[in-house]
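Written out below as structure tokens is the structure these notes cover.
Taken together, the values in this text are just the output of simple stated rules run on the coordinates, not laboratory data. A quick note: this is a predicted structure, and the numbers were derived from the prediction, not measured. Don't worry about glycine lacking a Cβ; one is built from the backbone with ideal geometry, like all the others, and counts go over all protein chains shown.
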Amino acid sequence: MQNLLHNLNPEQLAAVTLPAQSALILAGAGSGKTRVLTTRIAWLIQTGQISPNGVLAVTFTNKSAKEMLTRLSAMLPINTRGMWIGTFHGLCNRLLRAHHRDAGLPQTFQILDSGDQLSFIKRLLKANNIDDEKYPPKNLMYFINGAKDQGLRAAQVDAYDDYNRKMVALYDLYDLQCQREGVVDFAELLLRTYELLSRNQPLREHYQSRFKHILIDEFQDTNDLQYKWLKLMAGTQAAVFAVGDDDQSIYAFRGANVGNMSAFETEFRVQNLIKLEQNYRSHGHILDTANALIEHNSRRLGKNLRTDAGHGEQVRVFEASSDIQEAQWITEEAQNLIRDGSSRNEIAILYRSNAQSRVIEHALFSAGIPYRVYGGQRFFERAEIKHAIAYLQLMDNPHNDSAFLRVVNFPARGIGARSIEALQDAARQYNVSLYAAVPYVAGKAGSSLSAFVKLIEGARFETQNLPLPEMVQIVLELSTLLSHYQTEKEGADRIENLEQLVSAATLFISEEGFGHDAPAFAGPSSAPAASLIANAQGVEIFDADAALPTVMSPLSAFLSHASLEAGDNQAQAGQDALQLMTVHAAKGLEFDSVFIGGLEEGLFPHENSSQEEAGVEEERRLMYVAITRARKRLYMTFSQTRMLHGQTRYNLRSRFFDEMPEASLKWLSPRVQASWFGRTKSAWDEAPEHGANAIAQSFNKPSNKSSNQSIWRVGQNVAHAKFGEGVIVNIEGSGTNARAHINFGKFGMKLLDLGIAKLERI
Ligand code: ATP
Ligand code: MG
């Protein structure tokens with residue numbers, strides 16, 4: 001016991017060992033909220049107050065759920081696999097799989113991620129001849145998600161004019177179509193679970209008596225529906241332990257309601273409100289910067305943070321002349337950190353918007369530094385992966401029309417738009433899915449469609465007793481996706497990604513506890529017996545008790561994982577790499593060194609929010625989150641010009657700089673201006689800022705190494721038949737292997753083989 005608690009300060013200790021009543025831990029960044037929550041779970045189990053399966057813990061991301069499980073296994077000699085620790089979405093998915101019949105869903109229901117949802121809506125509008133200029137698909141999507149996040153079905157939404165009535169009618173139609181296809185969107189996972197538990201008393205009582213302790217991290221970012229869900233799960237008995245920080249509420253745009261904190265205090269009759277004021281994460285200058293900044297917000301519950309860690313280094317601020325130079329500087333500084341012994345995993349580059357990552361990635365790539373991007377284009381969102389997943393989805397649930405349309409003619413098998421139209425007409429006429437409508441289509445179209453159905457059925461048959469990774473491998477071949485990309489010019493990367501999908505499947509089954517030999521299609525019937533539990537009324541309940549294998553086949557589980565795994569790139573998992581992500585995605589995480597790029601008006605604070613004070617306050621909280629990720633070193637950069645969405649912007653530095661204490665900032669100001677890469681080059685006052693020197697060196701030292709490429713140099717303007725004019729920004733390799741990165745403006749950056757590409761000097 002001693003070892004669990006001895007590292008806590010008195011307030012943390014009090015929080016960890018509170019009696020079984022609801023409690024709110026309100027505290028600033030880095031004060032140990034997550035650590036307290038995890039330790040409390042361990043303490044409750046160790047002292048025998050609860051068994052591991054009596055705990056329900058909600059985290060904000062899959063990454064933090066995994067981390068919590070790892071920490072718990074380190075603290076306790078228990079098997080944490082199968083514990084109910086996860087995100088709202090993950091936990092709801094699990095409940096719905098176990099109780100799919102009661103929830104009115106097929107067992108193999110599939111999850112639409114936000115990209116899928118948008119294309120689903122476009123298809124719905126088209127099929128119903130709705131003018132998508134008058135009812136833009138995105139607006140409808142926000143409308144539907146907004147209503148669901150408040151717990152409202154179409155019939156419960158108040159429509160006050162014709163336009164709204166139409167949106168409500170479309171919402172209704174959307175739900176019907178989802179039901180027909182056996183698919184659910186993210187918000188539906190929650191709403192469906194909420195409705196299931198409100199309606200089904202035995203089930204509700206069963207889970208209420210099972211989960212005596214509910215713990216929830218990042219409570220400030222729960223939305224209305226999540227809060228209602230929590231109340232339902234808790235009933236009158238459970239002790240709910242909520243931890244949060246109002247200063248880190250950054251999801252208002254998605255319906256998060258920081259007001260849930262005060263509602264919680266009254267509705268759960270919170271007697272224990274604990275504040276933690278000691279920060280264990282950041283050095284003094286970093287903390288002072290964060291504290292001073294957040295002071296500028298008006299609506300705060302008010303907390304203080306102090307540290308014993310000493311001032312540490314000042315926060316370094318760098319002004320770049322262009323985004324390319326900014327990226328270059330960040331890269332050089334990161335290289336220095338690595339050279340000084342920092343591990344790459346401990347360096348994060350944060351940005352406000354995903355669009356910023358491209359230039360940074362390019363600079364890192366050119367410097368040969370491994371990096372890992374969270375968010376942005378996720379592995380499971382790549383086109384080739386989506387195609388492969390669609391085949392797997394059809395094998396698991398053939399009524400998923402989105403999956404059907406994605407691959408019915410990909411790779412091309414002569415099924416044209418006309419055939420699809422005929423099929424859609426038949427599906428409408430008989431009110432069935434596209435897959436089920438195939439037999440109603442006559443003629444040549446009918447026979448090509450039937451051949452596609454045979455392909456899916458055949459794949460299902462051939463793989464039925466195989467473990468998931470083998471199944472994926474075979475589907476890649478049978479679908480002809482592999483051979484298709486083999487013939488494509490730039491197919492090599494795609495093939496590599498498809499191979500990564502097999503590795504992702506292997507990793508998944510080992511992490512989730514599906515034995516390697518478990519057939520991918522085996523459902524609950526052939527899995528270890530799930531427990532049947534009689535509740536107080538003697539009603540037998542199939543409980544989603546142990547690990548996932550009892551409620552989902554490996555294939556269904558893998559497909560859910562592909563939709564739910566937010567912002568993680570499987571292909572790069574496990575590598576020691578620099579961490580790139582948006583500030584939103586960095587919530588709850590910490591790193592020794594943090595770079596925050598693009599601190600400019602219009603970008604951070606973002607232009608969408610800088611008009612209203614409430615918007616600026618949310619941006620300021622976001623900046624507070626960004627700053628407080630850093631333990632030892634923090635770097636902030638901004639740039640005079642930036643290419644974003646194809647336009648060059650001329651930016652003013654962010655107003656946030658005026659809100660941070662001068663004493664904690666160290667400005668690295670440019671001294672000499674010279675031409676560099678056709679833009680502006682700066683040198684710096686401070687000799688130790690090696691970044692500047694390194695840039696200067698690479699500038700002075702052309703990387704041409706052989707006579708073959710000697711006519712090419714960095715900075716050279718060139719013309720290309722297809723891409724037009726561009727400028728060489730980097731040359732790598734030599735001799736016949738020499739390749740250049742060339743920025744072609746509106747065509748973007750290209751990597752061309754200098755021996756092959758027909759380039760002209762201009
Ligand atoms: P955030 O608001 O960013 O989510 P948090 O309040 O959840 O932060 P934690 O991530 O739990 O903070 O803790 C921050 C860091 O401080 C972690 O590295 C944690 O291990 C460490 N820490 C917390 N409490 C203590 C303590 N009593 N002694 C030493 N280190 C501690
Ligand atoms: Mg935390």
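Using a simple spin-label model with points 7 Å from Cα along the Cα→Cβ vector, what separation in nm is obtained for residue 713 and residue 383? About 3.9 nm, to one decimal. Under the criterion of Cα pairs below 8 Å and six or more residues apart, the relative contact order for the chain equals 16 percent.
Working from Cα pairs under 8 Å separated by at least six residues, relative contact order for the stretch 227-326 is 25 percent. Overall shape: oblate for the chain, with the ratio a/c of the largest to smallest alpha carbon gyration tensor axis at 1.5 or above and b/c at least equal to a/b.
Stretch residue 647-residue 477 to full length: gain in nm at 0.36 nm per residue minus the Cα-Cα span? Please list the in-between numbers first.
On the way: separation 170, 0.36 × 170 = 61.20 nm, distance 4.20 nm.
Length difference between fully extended and current span is 57.0 nm.
Under the classification rounded if a/c is under 1.5, otherwise prolate if a/b is larger than b/c and oblate if not, where does the stretch 423-505 fall, given a ≥ b ≥ c as square roots of the Cα gyration tensor eigenvalues? Prolate shape, in that a/c is at least 1.5 and a/b is the bigger ratio.
Packing, as the average of other Cβ atoms within 10 Å across residues, places the peptides 116-123, 507-514, 425-432, 385-392 in the order 385-392, 116-123, 507-514, 425-432, highest first. Within the stretch 39-73, list the residues whose amide N lies under 13 Å from a label point set 7 Å along Cα→Cβ of residue 507. The answer is 63, whose backbone nitrogens lie closer than 13 Å to the label point.
Just to confirm the filter: which trypsin sites (Lys or Arg not before Pro) across the stretch 180-274 are DSSP coil and have at most 15 other Cβ within 10 angstrom of their Cβ? Show your work: numbers first, answer last.
Details: sites: 180, 192, 199, 204, 210, 212, 228, 231, 254, 269; in loops: 212, 269.
Hits after loop and neighbour filter: 269.
With R₀ set to 30 Å, the beta-carbon distance separating residue 73 from residue 271 gives a calculated FRET efficiency near 0.40.
Once the Cβ-Cβ distance of residue 66 and residue 156 is raised to the sixth power relative to R0 = 41 Å, the FRET efficiency obtained is 0.70. Distance between the pseudo-spin-label points of residue 180 and residue 9 (7 Å out from Cα toward the beta carbon): 5.9 nm. Filter the cross-link list 228/632; 138/587; 33/632; 66/212 down to pairs whose alpha-carbon distance in this structure exceeds 28 Å. The pairs that break the limit, which is 28 Å between Cα atoms, are 228/632. Length available on full extension from residue 164 to residue 592: 0.36 nm per residue minus the Cα-Cα distance, which gives 149.1 nm. Simple spin-label estimate for residue 209 and residue 607 gives 6.0 nm between the two label positions (7 Å along the Cα-to-Cβ direction from each Cα). For the pair residue 461 and residue 413, the difference between a 0.36 nm per residue extended length and the Cα-Cα distance amounts to 15.2 nm.
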